[in-house]
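Working notes, beginning with the structure itself.
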Amino acid sequence: MSDDVGRDIFRRPGIDWARRLVDEYAFSLEGIPEMIRVRLYRVVGEQWIEMEQSHYLQTPGMASPVVSETGRYSSREEALDDVLHGFTKGYQGAVKAGHRPDVNWLLPNRDFV
């Protein structure tokens, strides 16, 4: 028995964008007590993974927050590596530039409910 429902069951008037929660992770950045949550979804009837995150990182000097350039991943590991890379690269760059970690570096994702 498959662990994923086929897309046909969701082919109904008004139903769109069916996804199944695969995993959820939480972590914080050193010196910033706010928890960052990452949810991974498998699109129903597809093999790829979508990711949502509770916060985006925008450190001093960044013109805009770090946002992934892709919306689809071939695996959980690829999705997690992408989001963690963005957080750690931005965080380490700010600390190296002499900034102290601050909760204001985290911008809440209003679409994360």
What strands (runs of 3 or more DSSP E) lie completely within segment 7-88 and have 1 or more residues being of a type in the set (Gly, Ala, Ser) and over 17 Å from Val113 (Cβ atoms)?
-> 19-29
Filtering segment 90-101 down to residues that are in contact (Cβ under 8 Å) with a residue 12 or more places away in the chain and surrounded by fewer than 13 Cβ atoms within 10 Å (Cβ to Cβ), which residue is farthest from Glu24 (Cα to Cα)?
-> Ala97
How many residues, within segment 72-113, are small (Gly, Ala, Ser) and farther than 24 Å from Asp23 by Cα?
-> 5
Within segment 104-113, identify whether any single residue is of a type in the set (Lys, Arg) and either part of a loop (DSSP other than H, G, I, E, B) or surrounded by 13 or more Cβ atoms within 10 Å (Cβ to Cβ) (or both), and answer yes or no.
-> yes
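Computed from the coordinates by the stated procedures, all read-outs in this text should not be read as laboratory data. None of the values given here were measured: they were computed from a predicted structure. Reconstructed Cβ throughout: ideal geometry from the backbone, glycine too, with neighbour counts over all protein chains shown.
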